[in-house]
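No lab work stands behind these numbers, since they all come straight from the coordinates. The shown structure was predicted, so the numbers you read here are calculated from the model rather than taken from an experiment. Heads up, the Cβs are rebuilt from the backbone with ideal geometry, glycines too, and the neighbour counts pull from every protein chain shown.
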Amino acid sequence: MKENRIFGYESLLRTENQIPGQKIFINFLPSTIYVPEFCLQHTFQIVEEFNIDPSDLVFEVVETEKIKDVDHMKSILDTYKSSGMKVALDDVGAGYSTLEMLNLLQPDFLKIDRSYIQNCHTSPEKQAFLYKVMDRAKHIGIKVLAEGIETRDEWNWLHALGVNYGQGYFIGCPEAVPEKELILP
């Protein structure tokens, strides 16, 4: 049963809608991977079978579990990275994804929890956190994605801050294939 939580993404990779260069974010629970080289073997087979560019896959550590063994987590992420794949920390600022993990794990992407995005343009407390996140991400070289952008004011503030990517209903509803490219100022 645990295997389905990690490897239930074959149908996503089989789709003809995959656009080269488009990132596919795949969530995983750290506790389901015991020996990275063995447990991730299936992932590597799928990448080869469907001729997926490994750099288009982003494995996202979900925030629902505390990372108990940071060295083990780092070995998992290093295994992905050594194969050309990318890694992300999800919901930074909420749950167990913390700013300290950025330094320890050095992911390629981080996704800021939506609780810090809602009304960020008017909240000094949220802005203080977002400034810290951006400063640390820039220092380490991590791309930042803001989750849950619902208004133009939020987007404008985040864009001025230097956030690299955004998602939320202001940008568009979830779709299997993007309806169109959206470039906002």
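A few remarks follow.
- Amide hydrogen proximity for Gly166: with H placed 1.01 Å from N in the peptide plane, the residues at 5 or more positions away or on another chain lying under 5 Å are Ala146.
- Net +/- balance of residues flanking Thr122 in space, Cβ distance below 14 Å, scoring K and R +1, D and E -1: -2
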